[in-house]
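*Asks:* Encoded as structure tokens, here's the structure I'll be asking about.
The values are calculated or read from the model by the stated rules, or taken from the named source; none is laboratory data. Predicted model, so just to flag it, every value in this text is computed and none were measured. Glycine also receives a Cβ, built like all others from the backbone with ideal geometry; neighbour counts cover every protein chain displayed. Heavy atoms of the whole protein, side chains included, go into the accessibility calculation; ligands, DNA and RNA do not. Shrake-Rupley method; radii C 1.70, N 1.55, O 1.52, S 1.80 Å.
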Amino acid sequence: MPTIQAQNIRNFGDLKIHQSGKLGFFSSLVNDGTFNNTIGLAGFYGDVQNSISGSIQPNFYDLEINNDEGIFLQRTIEVSNNTNFVFGNIITEKYNNNSYLYFSATSFYNGESDFSKVDGFVAISDVQSFIFPIGDETYLRPLGISTEETLSNFKSAYLFEDATSDYNQITSKDSKLSRISNLEYWILEGESSTEITIGWNERSSLHSMASDINSLTVVGFDKELREWTNLGAIDITGNLEEGFITSMTFTPNLFSALTFGVLEDKSPVSHKGYHYLVTPNGDGINDFLFIPELSDYDYNRMLIFDRNGLKVFEQENYTNEFNGDVSSNIQAISRKTGLAEGIYFYQIELGKENLNIQGFLYLDR
């Protein structure tokens, strides 16, 4: 792989990466020329924070980051194929959404973790389900969307900040809300209606807000009414230390911020969507990860990752075998003890069409 190391690399011309080509940057890139690759890998490496800037948007085919201090985006970049998160964050401004990592409809990513993700804004277009690989400096804090719209555009970021300080603490009178999280919130932009899935961890401190997981809900700050509104919950999985929740359908552009709320009373929630609970205790209920849609396809490939992006399970033509144990071809983890309780992410490749299903599962021991 050719590498370029200097204070800045400035492209004035027509920069191309040819088939099987790999270009490694150990410096900042200033793009004032054509950088519109339909093949090849561009990697950003090193241990000093570098940036991508310039007057013209660079378009990458495959992108890789392995930089301890991250890469700061001073302008939008597009990836049309794969983004490989190895180590370090892709960073953008969080109070100005003009620069972001843009995934086209054909894009995918892998390796996202607490150590490598987007600390800032990510955008996606023309997909019906997607999990944004976003977070802050410390944690991966993804947000998942699920929409019935075929033509859509969404943009999202996560902030470990007090949304009630930024947007006040007034709640809608008919919302039946007793508390609003004052530790973290997500921004989601988009004109298409969608459900969202957000998760919490110990840092979210939901145990200090609620005594029962079934009193949790998703809330949004209504831009027009200037108050917090209950966006409902159709799926809650986990416990007060760690879990995830799926909202009812809403239009993101109507809301400035999204976070967790607590209802005055518990609310019954029906399981819905591509998020699952696995409880391998031998009682015959949720002992294995069962996804009925897989039987509709001649081929599938199941991948399961822990919250740090480590692959813990992989199987072709999966038929409901996962029960919390590591698959036989994963050597990095002991198969004797099984996987720890908590949140995991799965990705399934389906059929010759290379369709993808992504989602969350909670392993409860």
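*Asks:* Whole-Å semi-axes of segment 51-140's equivalent ellipsoid, largest first, each the root of 5 times a Cα gyration tensor eigenvalue?
*Replies:* Values for segment 51-140, descending: 17, 16, 13 Å.
*Asks:* By a straight-distance test (C-alpha under 22 Å), which lysines pair with LYS94 as possible cross-link partners, with residues fewer than eight away in the same chain excluded?
*Replies:* Of all the lysines, those that pass the test against LYS94 - Cα under 22 Å, at least 8 places apart if same chain - are LYS117, LYS155, LYS223.
*Asks:* How high is the FRET efficiency between GLN49 and ASN320 when r is their beta carbon distance and R₀ equals 45 Å, given to the nearest 0.05?
*Replies:* Once the sixth-power term is evaluated, E becomes 0.50.
*Asks:* Additional query: Using a 1.4 Å probe, what is the accessible area per residue for the chain, in Å²?
*Replies:* 45
*Asks:* Next question. If N is the number of residues in the chain, what value comes out of its Cα radius of gyration divided by 2.2 N^0.38 Å?
*Replies:* 1.01
*Asks:* Which of the aspartates and glutamates could a cross-linker span from LYS176 if the Cα-Cα distance has to be under 17 Å and same-chain partners fewer than 8 positions apart are dropped?
*Replies:* List returned: ASP212, ASP222, GLU227, GLU264, ASP265.
*Asks:* So how exposed is ARG10, as accessible area in Å² (1.4 Å probe, rounded to 10)?
*Replies:* Only protein atoms counted, so the area is about 140 Å².
*Asks:* Of ILE285, PHE44, TYR185, which is farthest along the charge dipole of the chain in the positive direction, counting Lys and Arg as +1 and Asp and Glu as -1 at C-beta?
*Replies:* Farthest towards the positive pole: PHE44.
*Asks:* State to the nearest 20 debye the size of the charge dipole of segment 152-275 about its Cα centre, where the only charges are +1 on K and R beta carbons and -1 on D and E beta carbons.
*Replies:* 160
*Asks:* Okay, next question. Ignoring ligands, DNA and RNA, what percent of the accessible area of segment 227-324 is carbon or sulfur (1.4 Å)?
*Replies:* 50
*Asks:* Go through segment 35-47 residue by residue and turn each phi into a ³J(HN,Hα) via Karplus (6.51, -1.76, 1.60, θ = phi - 60°); whole Hz please, and just put x for glycine and proline.
*Replies:* Computed from phi, the couplings for segment 35-47 are 9, 10, 8, 10, 6, x, 10, 10, x, 10, 10, x, 10 Hz.
*Asks:* Compute the projected area of the convex hull of the Cα atoms of segment 146-214, averaged over all viewing directions, and report it in nm² to one decimal place.
*Replies:* Mean projected area of the Cα convex hull: 6.1 nm².
*Asks:* If I take R0 = 30 Å and measure r between the Cβ atoms of THR251 and SER205 in this structure, what FRET efficiency does the formula 1/(1 + (r/R0)^6) give, to the nearest 0.05?
*Replies:* Plugging the Cβ-Cβ distance into 1/(1 + (r/R0)^6) gives 0.55.
*Asks:* Next up: For segment 1-138, what % of the accessible area comes from carbon and sulfur atoms, probe 1.4 Å?
*Replies:* Solvent-exposed carbon and sulfur of segment 1-138 make up 45 percent of the total.
*Asks:* Residues of segment 85-105 with backbone nitrogen within less than 18 Å of a virtual label 7 Å along the Cα-to-Cβ line of SER165, please, listed as ranges.
*Replies:* Under cut-off, by backbone N: 94-96.
*Asks:* Between ILE39, ILE348, ILE285, where does the largest GNM mean-square fluctuation fall for the chain, given springs only between Cα atoms within less than 10 Å?
*Replies:* Checking each option, the largest mean-square fluctuation is seen for ILE285.
*Asks:* I'm checking a number: the convex hull volume of the Cα atoms of segment 93-249, normalised per residue, in Å³. What is it?
*Replies:* 119
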